[in-house]
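Written below as structure tokens is the structure these notes are about.
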Amino acid sequence: MRRMFRRHIRKTLAQEVPPILQEANFVFDKGEYGRAGELFERLAETASARGGPRAPLFYLKAGQSRILAGQTLLGMPSLKRGLELLAQGGRIPRLQAVGARVLSDLNEHGLREEAAEIESWLGNVLPSPAPSAASAKRPVLPTHCPSCGAGVRLDEVEWPDEVTAECAYCGSPIR
């Protein structure tokens, strides 16, 4: 009985995920980064127009997709916009984590000037680093969200409780 109930919940949650988000994650995982960038940009613009809390992540994913597609000039504005929205929303811990990952990704792809530009901006926006407390050990997460197919990253999920993470892209619970 419990299994049937869980399956029903998963089906219900999966139906609420916009098909464009599922497609964007699917084509990103397939390596069609240009198409993924277009889809994530559409998602970001729609979410941003509504003042949605996921808009920054959609912009960041659009920027990442464009850069992976070799379209750096199209990707940088999306990356910057995503970081700006995180800063404007006062989401400093997330901005620190995501900013570090963006810098790492840019440097990894040999985009030193772009990385320096983002690093300079982060230096002006972020407060000086405070000593970090030991982070609590979290359960192991699946690599992809079961509802929307997005890659699950520890720096992108929220933890409503100790065993449940929330997908940054669709909001579905991940256990």
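None of the figures in this text is laboratory data; all of them are computed from the coordinates on show. Everything numeric here is computed off the predicted structure, so don't read it as measured data. Here the Cβ positions follow ideal geometry from the backbone for every residue, glycine too, while neighbour counts run over all protein chains shown.
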Can you give the FRET efficiency to the nearest 0.05 for THR143 and ASN107, using r as the Cβ-Cβ distance and R₀ = 30 Å? 0.80
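With the Cα gyration tensor of segment 20-128 giving a ≥ b ≥ c as the square roots of its eigenvalues, does the rule (a/c under 1.5 for rounded; else a/b larger than b/c for prolate; else oblate) give rounded, prolate or oblate?
Oblate.
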Phi angles of segment 90-105, converted by Karplus (6.51 cos²θ - 1.76 cosθ + 1.60, θ = phi - 60°) into ³J(HN,Hα) in whole Hz with x for Gly and Pro, give x, 8, 5, x, 5, 4, 4, 5, 5, x, 4, 5, 4, 4, 4, 5
Order these by the 10 Å Cβ neighbour count, fewest first: LEU126, LEU111. LEU126, LEU111
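With an 8 Å cut-off on Cα pairs and a minimum separation of 6 or more residues, tell me the relative contact order of segment 20-128 in percent.
17
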Between VAL157, VAL125, LEU74, whose Cα lies farthest towards the positive end of the dipole of segment 21-175 when Lys and Arg beta carbons carry +1 and Asp and Glu beta carbons carry -1, centred on the Cα centre? VAL157
Between GLU45 and GLU162, what's the calculated FRET efficiency when r is the beta-carbon distance and R0 is 25 Å? Round to 0.05. 0.10
At R0 = 22 Å the Cβ-Cβ FRET efficiency linking ALA100 and LEU73, nearest 0.05, sits at 0.40
